[in-house]
């Protein structure tokens, strides 16, 4: 059986629905960072049957906003000195700043690099966000 | 940026009281323009037109000149450093040294809002793509006020392109704030009001909305008929435009059942959606509407500049 050791300090993203791990890794730009990151896919889970896990070591300064948009199953564990000090569930963000693009082809945020697209959640069912610049409402599907 | 500077990006930037204040001042300026001939002496308006415009640009130019102010700006972005790839933020930061107030028209939606975030002078949205056109809304409100003496309690019908027509979106949202009796939407299925806007109207305002496809079915109950052009530049392909461009044409004979005091409005330019013989009908107010636009823009410029009148 594959074994990945625990981390001393950092963040563990647990209970990622199997198959979503790579998407989270990609959307959080974890390939670009200079601290250790481990992506484990398809491991056994009592709750989910199979799950993915991401361990991010030696930093707490990570933007977790995107998690709730990808997978509401994800639990976020903060580890300090080898101990779990906080555990929370990924939530749907109310405001998204710079992580996704506006789907409106006429929106200025798709043309002017100076600005970061910003969105406000206006509905959870369906999950809809409104662009702060062009007010286009987009049903969000990652 | 200076958070005390007021901008007009969308009609919601103004309270109902401020809207009334502006149209009442606009009405005074319309009645006695010479009283305000020096109100903006020494001030400069920059008109930043990233796409062509006749009415809005000249209306603002005329407004500033009638207030005794001066003008700078461009009406073709290709002749400026924008062509070299300059960002809106950089353009605005520099323009703030040259002018006291700016009006911006841009083909991309949200561009004036972006400009306002980097501006120490007031920015007025002169139209951004298919999104908002708040000074057209103020023009429309002054026209309604001028002919109907109040903004509240009317049955207003919008006819034509309700999907891409930014003047319609801005006006409908604003009229909903003034106790509109009923709002009738007349359009082909392909050009209906966006569902998100309909939902917003339902959720925020207690307003009766009726959707029909034929003007003749509802013309008897209309107080204000707002006609729109099917705009070629908002379509992605020529085929869709050609299919819909002749959808709704108002002729004099079709007005026979309309109320005597109904008014016919249009943001102009028209193509063929209002037959020329309608111009002679006393209910046709669209040319006077363009005239009133100058005075409400004068009122807006003085308000945003904080001119003591």
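Please treat every number below as a calculation from the coordinates, not as lab data. Small disclaimer: the values here were computed from a predicted structure and weren't measured. Positions of Cβ are backbone-derived with ideal geometry, glycine not excepted, and every protein chain shown enters the neighbour counts.
Projecting label points 7 angstrom from Cα along Cα→Cβ for residue A:33 and residue B:241 puts them 4.9 nm apart.
Viscosity 0.890 mPa s, temperature 25 °C: what is the translational diffusion coefficient of segment A:1-124 from Stokes-Einstein with a Kirkwood Rh over Cα pairs, rounded to a whole number of µm²/s? Rounded to a whole number, D works out at 155 µm²/s.
Segment A:7-56 and segment B:12-54 have Cα centres lying 57 Å from one another. In segment A:1-114, Cα pairs under 8 Å separated by at least six residues give a relative contact order of 30 percent.
If packing is taken as the average number of other Cβ atoms within 10 Å across a peptide's residues, how do B:149-157, B:58-66, A:65-73 rank, most packed first?
Peptide ranking by packing, descending: B:58-66, A:65-73, B:149-157.
Altogether, the Stokes-Einstein calculation at 4 °C and 1.567 mPa s, with the Kirkwood radius of chain B over Cα pairs as Rh, returns a diffusion coefficient of 65 µm²/s.
According to the square roots a ≥ b ≥ c of the eigenvalues of the Cα gyration tensor, what is the shape class of the protein assembly as shown, taking rounded for a/c under 1.5, prolate for a/b larger than b/c otherwise, and oblate for the remainder? Judged from the Cα gyration tensor, the protein assembly as shown comes out prolate (a/c at least 1.5, a/b above b/c). In degrees, nearest 10, range 0 to 90: what is the angle between the Cα axis of helix B:55-66 and the longest Cα principal axis of chain B? Approximately 50 degrees, to the nearest ten. Comparing Cα centroids, segment B:71-121 and segment B:198-239 end up 32 angstrom apart. Over segment B:173-296, the reciprocal of the mean inverse Cα-Cα separation, the Kirkwood hydrodynamic radius, stands at 15.9 Å. Size descriptor for segment A:56-142, Kirkwood hydrodynamic radius: 14.6 Å (Cα pairs only, one decimal). Quick one: angle between helix B:16-31 and the longest Cα principal axis of chain B, in degrees between 0 and 90, rounded to 10, please. Approximately 90 degrees, to the nearest ten.
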